[in-house]
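Take a look at the structure set out below.
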Amino acid sequence: MPSMTVPPPDRVSVDVKMQRLNIEWSDGHVSVFPLDALRQACPCAECQGDDVERITKPGVFHIFRQKNRWQNLTVETAGSVGLRITWDDGHSGGIYRWDRLRSLQPADDDPT
Ligand SMILES: [Zn+2]
């Protein structure tokens, strides 16, 4: 996958009730990640989330199929690099880089 320059998004928000993390990119694309899928995509060496290449937007009933419910996560930006998420289980091993987050759920017209 060719690397592309991905500017930090305009807005990142967590919806604990719906178990989603929303990213509003500066070009208008919105990525919606189910929290459980993001946890599985944790980029640290221990989790080896690099195996996760795509995360699809959650459907209406996705919330009922999630194995875990995440209630107390902390999301903070790591400079211009990406997101650091501290999960309920205390895990905060890796930084989710902006370019990886974008490639996990790209816009239709993103270069592939
Ligand atoms: Zn991890």
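Select from segment 63-96 the residues that are surrounded by fewer than 17 Cβ atoms within 10 Å (Cβ to Cβ) and touching a residue at least 40 places away in the same chain (Cβ under 8 Å) and list them in ascending order. Matches in segment 63-96: Ile63, Gln66, Arg69, Gln71, Val75, Thr77, Ser80, His91, Gly93.
Counting only residues that are closer than 24 Å to Gly28 by Cα, of a type in the set (A, V, I, L, M) and more than 12 Å from the chain's Cα centre (by Cα), segment 73-112 holds 3 of them.
Counting only residues that are in a loop (DSSP other than H, G, I, E, B) and in contact with a strand residue (DSSP E or B) (Cβ under 8 Å, 6 or more places away or on another chain), segment 12-38 holds 2 of them.
Restricting segment 53-78 to residues that are in contact with a Pro (Cβ under 9 Å, 6 or more places away or on another chain) and part of a loop (DSSP other than H, G, I, E, B) leaves a set whose member that is farthest from the ligand (Cβ to nearest atom) is Lys57. Residues in segment 39-52 that are assigned to a helix (DSSP H, G or I) and within 12 Å of the chain's Cα centre (by Cα): Arg39, Gln40, Gly49. Among the residues of segment 79-112, those that are within 14 Å of the ligand (Cβ to nearest atom) and part of a loop (DSSP other than H, G, I, E, B) comprise Trp87, Asp88, Asp89, Gly90, His91, Ser92, Gly93, Gly94.
Every read-out reported here was derived from the displayed coordinates using simple, explicitly stated rules and does not represent laboratory data. Keep in mind the model is a prediction, meaning the values are calculated, not measured. Every residue, glycine as well, gets a Cβ built from its backbone with ideal geometry; the counts of neighbours run over all protein chains shown.
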